[in-house]
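Have a look at the structure below before the remarks.
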Amino acid sequence: MRSKTIQVFHFAALSLLLLSAGCNGGGKVTETSGNPLWEGWYADPEGVVMNGECWIYPTTSARYRQQRWLDAFSSRDLVHWTKHERVLIADSISWFRQALWAPAMVKRGDTYYLYFAANDVHEGEVGGIGVATAKNPAGPFSDALGKPLINDIVGGAQPIDQFVFRDDDGEYYMYYGGWGHCNVVRMGEDLSSIRPFPDGTMFREITPENYVEGPFMLKRNGTYYFMWSEGGWTGPSYHVAYAMADNPFGPFRRVGTILESDPDVATGAGHHSVIKARGKDEYYIIYHRRPLGETDGNHRVTCIDRLVFEKDGTIRPVKITFEGVAKTRLK
Ligand code: FUB
C-alpha cells in the first residue's frame, strides 16, 4: 500500500505569523514554524536531513495496543510540513504484538533503513529492535528480517530507543536502551545486522549517570556529544542531559541538562534528536513535550527549537518556545 501524502495545515505557524507581523523592524513578517509543528500526539521524534529536506519520524503517542503504525513528516524549510501517513504498519511485521516505538532513520545509497522498537519486550518474550527498508523515505517500509535485530536484554538494557550514528570513518554504531541502561553495538555492512568490535565483544555498555532512555549522538568539531533522556516519560520531570567525549564509546561524564520543562510553555520536554542547517554551524533540536494542563502520559507533541553551542563547546540550555524556528535551508 502506497502511503498517502497530505499537506499539514499550520495552525500554530499562522497564529504566530499574525502575532509576529512587523517584528523584524522592516515591516516584513517573520514566518516561523510554530510549536507544536503539527496537530496530533506524536513523541520521540527522529529528525534527519535527506535530499535537502528534513524528515521527522515520530512515535504515534497512544496506548500500547493502539501503536500500530508510524507516520512521517517532511519539510524543505522547517516551517511548512507535509504529512506522510503510515509509512510503516504493524501488519507488515510478523512478530509484532504492540507498542511501535521511537523510530530511527538512516539513508545509504538509494535505501532507507527505518529502525523501530516493538512489543515493549521483557525477558523471555519476542520483540525489541527491528529494521525495515524502503526505496522511498515515505515508504512503504517492509520488515527486513522477519524477526528482531536485537531481542535479548543485555546488561539490563531494554532493546528500545535505538539511534544509529555514522562516524567519519564510515562505521555505523547503534546506541540503544531503556530501563536505565545504554549499550552501543557495531552495525554490519548490510545495516541490518550487528558485528563484533575488534576485541570480539558484541555489546558495550556506556550508561552515563542518570541515564534513563532516548540516546542520541552528534559529532561536532571532533567532539562526540552523547545525549539522553532522564526522568519518567509520562510525567513533567522528563528532560535531556548530555556528555562530551573524544571517541564514540566514552566514558560519557554528565555535563548538564540541555532540555527541560518551562512552567510558562510546556512540561516533560525530552526524547529528542538534532539536525544541522546547511553550510552553517546552526543546530535545531527536535523533541516532544506535553502542553500545559495536560496530564495524560501520551499527550505528547512534536516541537523544534534552536540548539546553541557556546564558544567553549558546551551546549547552552534550550529555551523552549511557542514560536519554533524561522525558515532555513537544510543540508
Ligand atoms: O513512546 C514510547 C516511549 O516513550 C519511548 O520509547 C520512550 O523513550 C518514551 O519517550
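Miscellaneous remarks
- Per-bin percent of Cα-Cα distances, the stretch 118-217 [10 Å]: 15, 46, 33, 6
- Sorting the segments 250-261, 298-309 by their residues' average number of neighbouring beta-carbon atoms within 10 angstrom, most packed first, yields 298-309, 250-261.
- Electrostatic bookkeeping for residue 111 treats Lys and Arg as +1 and Asp and Glu as -1; over the other residues with beta carbon under 11 Å from its beta carbon, the sum is +1.
- Sequence-separation-based contact order of the stretch 234-280, relative, with Cα cut under 8 Å and 6+ spacing, percent: 41 percent
- Around the Cα centre of the stretch 199-331, unit charges on the Cβ atoms of Lys, Arg, Asp and Glu (plus for the first two, minus for the last two) sum to a dipole of about 700 debye.
- Report summary: the helix-based calculation at 222 nm, which adds -39500 (n - 2.57) for every DSSP H run with n ≥ 4 and divides by the residues of the chain, gives -1000 deg cm²/dmol.
- Accessible heavy-atom area order of 228, 179, highest first, probe of 1.4 Å: 179, 228
- Lysine pairs in the stretch 3-307 whose alpha-carbon atoms fall under 30 angstrom of each other, counting only those eight or more residues apart or on distinct chains, come to 25.
- Measuring nothing but how far apart in sequence close Cα pairs (under 8 Å, 6+ apart) lie, relative to its length, the chain scores a relative contact order of 16 percent.
- Packing, taken as the mean count of other beta carbons within 10 Å per residue, orders the peptides 72-80, 139-147 from highest to lowest as 72-80, 139-147.
- With all protein chains kept in place, the per residue accessible area of the chain amounts to 41 square angstrom at a probe of 1.4 angstrom.
- The residues packed around residue 178, meaning those with a beta-carbon under 10 Å from its beta-carbon, carry a net charge of -3 if Lys and Arg are +1 and Asp and Glu are -1.
- Assigned charges on the beta-carbon of Lys, Arg, Asp, Glu; the stretch 3-307 dipole about Cα centre (debye): 580 debye
- Over the stretch 3-307, equivalent-ellipsoid semi-axes from the Cα gyration tensor in Å: 30, 22, 20
- Rounded percent of accessible protein surface that carbon and sulfur make up, the stretch 3-307, 1.4 Å probe: 49 percent
- Normalising the average separation of contacting C-alpha pairs (under 8 angstrom, six or more residues apart) by the number of residues puts the relative contact order of the stretch 28-166 at 18 percent.
- Summed side-chain charge close to residue 272 - residues other than residue 272 whose Cβ falls under 13 Å, Lys, Arg +1, Asp, Glu -1: -4
- Which of 239, 252, 206, positive extreme of dipole for the stretch 3-307 (C-beta unit charges): 239
- Positive end of the dipole of the chain (Cβ unit charges, origin at the Cα centre): among 178, 40, 193, the Cα lying farthest that way belongs to 40.
- Among 96, 148, 55 the positive-end extreme of the charge dipole of the stretch 3-307 (Cβ point charges): 55
The values are calculated or read from the model by the stated rules, or taken from the named source; none is laboratory data. As the structure is a prediction and not an experimental result, all values here were calculated from the model. For neighbour counting, all protein chains shown are included, and Cβ atoms are generated from backbone atoms with ideal geometry for every residue, glycine included. In case anyone asks, the SASA skips ligands and DNA or RNA and just uses the protein heavy atoms, side chains included. Shrake-Rupley method; radii C 1.70, N 1.55, O 1.52, S 1.80 Å.
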